[in-house]
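Trainee: Dropping a structure here in structure tokens format, bear with me for questions.
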Amino acid sequence: MATRVQVAFDAGDPHALARFWASALRYEVEDHTTVVDGLLQAGRLTASEVMEVDGRRAFRDVATCRDPDGAGPRLFFQRVPEPKTAKNRVHLDLQVGPQERAAEVERLVSLGASVAWTTSDRGPVTTTLRDPEGNELCVG
């Protein structure tokens, strides 16, 4: 059996980044209301560690999204105090095919991504973008 993978992102605003990536990948932002409420009632979370997001109680410093079909990895976003300062050592490649690449890049830009560059130096045309917090991703 293969090991399940969760990809973790450091973020200034984990909830905004989870919404971006959920839209980008056609995932769902996970609702943590039940878990948050249980931890609050048990005294394991304080009110300062909780916030309301899209009408639901959520962890202040953590957000997640997941593939509704269960095929892709879960994405975990955790608040960190420092901004991104260097190129990612790991990034996600969104493989949509050559006929869909331009439309997908346009869709991601409409969600808040920005185009960094487009290249074909390793074969197929690939566009590198940055998510709203500067994390690189590629579309090819």
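The values are calculated or read from the model by the stated rules, or taken from the named source; none is laboratory data. Nothing here was measured: the structure is a model prediction, and the numbers come from that model. Positions of Cβ are generated from backbone atoms using ideal geometry, with glycine treated the same way; all protein chains shown enter the neighbour counts. These area figures cover heavy atoms from the full protein model, side chains too; ligands, DNA and RNA do not enter into them. Shrake-Rupley method; radii C 1.70, N 1.55, O 1.52, S 1.80 Å.
Trainee: Pick from 103, 116: which is open to solvent by less than 80 Å² (accessible area, probe 1.4 Å), in contact with a Lys or Arg (Cβ under 6 Å, 6 or more places away or on another chain) and among the aliphatic types (A, V, I, L, M)?
Mentor: After ruling out the rest, the residue left standing is 116.
Trainee: Name every residue in the range 72-100 that is open to solvent by 60 Å² or more (accessible area, probe 1.4 Å) and within 17 Å of residue 19 (Cβ to Cβ), in order of residue number.
Mentor: Correct list: 74, 78, 79.
Trainee: For the range 27-46, how many residues meet the condition of being free of Cβ contacts under 8 Å to residues at least 24 places away in the same chain, assigned to a helix (DSSP H, G or I) and farther than 22 Å from residue 80 by Cβ?
Mentor: Residues in the range 27-46 being free of Cβ contacts under 8 Å to residues at least 24 places away in the same chain, assigned to a helix (DSSP H, G or I) and farther than 22 Å from residue 80 by Cβ: 5 in total.
Trainee: Let me ask something else. Here are some residues: 24, 8, 18, 42. Which one is closer than 26 Å to residue 128 by Cα, hydrophobic (A, V, I, L, M, F, W, C), modelled with pLDDT of 95 or more and open to solvent by 60 Å² or more (accessible area, probe 1.4 Å)?
Mentor: 8
Trainee: For the range 47-92, what are the residues that are of a type in the set (A, V, I, L, M, F, W, C), under 21 Å from the mean Cα position of the chain (by Cα) and not in a loop (DSSP other than H, G, I, E, B)?
Mentor: Those that are of a type in the set (A, V, I, L, M, F, W, C), under 21 Å from the mean Cα position of the chain (by Cα) and not in a loop (DSSP other than H, G, I, E, B): 50, 51, 53, 58, 59, 62, 63, 65, 75, 76, 77, 92.
Trainee: Which of (1) open to solvent by 60 Å² or more (accessible area, probe 1.4 Å); (2) under 27 Å from residue 12 (Cβ atoms) does residue 121 not meet, given it meets every other one?
Mentor: So residue 121 meets the others, but not (2).
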